[in-house]
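To start, the structure itself, in structure tokens.
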Amino acid sequence: MSHINLIPGEQGIRLSTLSPKYLHTNSTSHTWPFSAIAELIDNAYDPDVDASQLWIDIKRYGTRSDHCLTFTDNGEGMDSLKLHKMLSFGFCEKVAKNDHLPVGHYGNGFKSGSMRLGKDAIVFTKQQDSRSVGLLSQTYLEEIKAQTILVPIVSWDSNGDMVERADGDKALRDILKYSLFKTEAELQEQFNNIPSESGTRIVISGMRKTQDGNPEFDFRSDIHDIRIPDDVESESNKYRRQERQNHIPESDYSLRAYCSILYLRPRMQIILRGKKVRTTVIAKSLSKTEVDTYKPQGTSKPIKVTFGFSQNKNHYGIMMYHRNRLIKPYVRVGYQLRANDFGVGVIGVIQCDYLKPTHNKQDFDYTKAYRSSMSALGSKLNDYWNEKKGKAQTNSNALIPEPKEVESVPDQLWVQCDNPECLKWRKLPASVKSEDLPEKWYCYDHPEKQWRSCDVPEELEEEKEEAVQPYVKKQKKRLEKELEEKKRREKVNRSL
């Protein structure tokens, strides 16, 4: 078994250990099962792995009838030392690569996520000169009555010879005895399921069931999706419903829908049960788009906030991202908290890297900065609504008319190249309709010649973040002018 070299304590000072029960305790931060899956997606996305493709699938192995979840990526893979750190707690060596910031921060996501989904996880990972397998298993630890968390790890070199045989023989025996795979040949076959020279495959078994013994996930309703059944959704998603009682977004119970908006600027293809997820650049899928800014206290430059109307007016609120990753979707603010139609259909998109996500990456720490942000976003959403739906003119009850066809057509149409070596986003001309796009689209399909090569860089954003100027709020200026005029008249009347 590989070891992490730790500096030993002074003689007589005991090492702290982790009880095997902590694997379950640690997983309970994920009250919503998709947040656990997102942790494993993040691991493939982060720059230390930098996968361009991730396959999520359902499998059965051997005579067992239970489903297993598999996650397979074509990223960098790991050597045995890095695998050991992945299976341990608190080791996070993720660093940014160019503008690709890591989502992972605490060195805990794989453990909490995998153990929330099932009791056992086996990890297969390979690089050009090595193959390694490691087992993180509550079942194994219970069976051997372990007093601390043990993780059997076996590695082979490029010739197929076991590395560190003294530890490896014992680890291999335990993996074959307590995992789904009962022979070394079966283990090696899993490496063949990684389609590239390097990559990682995770198999999660002992999938969690509900209190009445039913599976937590619905695999039958849609053969290309993983869904949360209604009864489970009502139990585990109560906290997600508080802000949107009437209309539940599909992303709350459909993994395919959730993956489509998981990243603000998607960099990685996700293939869910054999079918590619059509990801969405949500800030570019809105109609009547306007860009506002917000400068949090203590930051050096303003943050861009994009507002627009959703194509589904029942799904609305603020989409809050952190380091490109969705943390809180459809948060209702401002007018949207009222018991009327004000603010309905409006989406706001903000990347708030200045806030600190909670450990399960489904919320932000409830700090003064967070509260100030929500108040400011509420005011800015109200401003946007007033501009687009407010009174057409002073002293008029007539609202600005809203052509129905505008609400369903985004201002821009962007599509991602399906070449895994490219994955660039391309802006299409207004004449192209989304319903006319093929299932797979490549740069050479672009109607404009200048963009028909994967070698052409992505089209730049309209403005750099620091140069973004908020849109002109004519209605707000009008109301402010009216208020000033009212105060002036009152002052004149008092002086008479």
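The values are calculated or read from the model by the stated rules, or taken from the named source; none is laboratory data. Because the structure is predicted, anything quoted here is derived from the model rather than measured. Cβ sites come from the backbone with ideal geometry, for glycine too, and all protein chains shown count toward neighbours.
Which number in (1) surrounded by fewer than 18 Cβ atoms within 10 Å (Cβ to Cβ); (2) acidic (Asp, Glu); (3) at pLDDT 90 or above marks the one condition that ASP383 misses? ASP383 satisfies all of (1) surrounded by fewer than 18 Cβ atoms within 10 Å (Cβ to Cβ); (2) acidic (Asp, Glu); (3) at pLDDT 90 or above except (1).
With the condition kept exactly as written, say whether any residue in the stretch 270-277 is surrounded by fewer than 20 Cβ atoms within 10 Å (Cβ to Cβ), in contact (Cβ under 8 Å) with a residue 24 or more places away in the chain, more than 18 Å from the chain's Cα centre (by Cα) and assigned to a strand (DSSP E or B). Yes: the stretch 270-277 contains one or more residues that are surrounded by fewer than 20 Cβ atoms within 10 Å (Cβ to Cβ), in contact (Cβ under 8 Å) with a residue 24 or more places away in the chain, more than 18 Å from the chain's Cα centre (by Cα) and assigned to a strand (DSSP E or B). Counting only residues that are among the hydrophobic types (A, V, I, L, M, F, W, C), surrounded by fewer than 22 Cβ atoms within 10 Å (Cβ to Cβ) and part of a strand (DSSP E or B), the stretch 328-363 holds 1 of them.
Restricted to the stretch 136-150, and to residues there that are over 16 Å from SER205 (Cα atoms) and aliphatic (A, V, I, L, M), the residue that is surrounded by the most Cβ atoms within 10 Å (Cβ to Cβ) is ILE149. State all residues of the stretch 271-292 that are closer than 26 Å to VAL409 by Cβ and of a type in the set (Val, Ile, Thr); if no residue qualifies, say none. If the condition is that a residue be closer than 26 Å to VAL409 by Cβ and of a type in the set (Val, Ile, Thr), then VAL277, THR279, THR280, VAL281, ILE282, THR289, VAL291 are the ones that fit. Restricting attention to the stretch 14-51, the residues being in a helix (DSSP H, G or I) and more than 22 Å from the chain's Cα centre (by Cα) number 4. With the condition kept exactly as written, say whether any residue in the stretch 474-490 is surrounded by 12 or more Cβ atoms within 10 Å (Cβ to Cβ), assigned to a loop (DSSP other than H, G, I, E, B) and either at pLDDT below 90 or not assigned by the TED database to the domain that holds PHE307 (or both). The answer is no; no qualifying residue exists.
Take the conditions (1) assigned to a strand (DSSP E or B); (2) buried (at least 22 other Cβ atoms within 10 Å of the Cβ); LYS288 misses just one of them, which is (2). A single entry from LYS82, LYS119, LYS97 fulfils the requirement of being farther than 25 Å from ILE149 by Cβ and either touching a Ser or Thr at 6+ places or on another chain (Cβ under 8 Å) or not polar (S, T, N, Q) (or both): LYS97.
For beta carbons closer than 7 Å, sequence separation of 6+ or different chains, a first residue in the stretch 25-52 that is on the phi > 0 side of the Ramachandran plot and a second that is assigned to a loop (DSSP other than H, G, I, E, B) and surrounded by fewer than 22 Cβ atoms within 10 Å (Cβ to Cβ), the qualifying pairs are ASP50/GLU76.
Can you pull out every residue in the stretch 170-189 that is hydroxyl-bearing (Ser, Thr, Tyr) and either at positive phi or not in a helix (DSSP H, G or I) (or both)? Of everything in the stretch 170-189, those that are hydroxyl-bearing (Ser, Thr, Tyr) and either at positive phi or not in a helix (DSSP H, G or I) (or both) turn out to be SER179, THR183.
Just one residue in the set GLU435, GLU448, GLU458 is surrounded by 10 or more Cβ atoms within 10 Å (Cβ to Cβ), over 24 Å from the mean Cα position of the chain (by Cα) and among the acidic types (Asp, Glu); that residue is GLU448. Check the stretch 137-158 and report whether any residue there is within 15 Å of PHE71 (Cβ to Cβ), in the same structural domain as PRO195 (by the TED database) and aliphatic (A, V, I, L, M). The answer is no, given that none of the residues of the stretch 137-158 is within 15 Å of PHE71 (Cβ to Cβ), in the same structural domain as PRO195 (by the TED database) and aliphatic (A, V, I, L, M).
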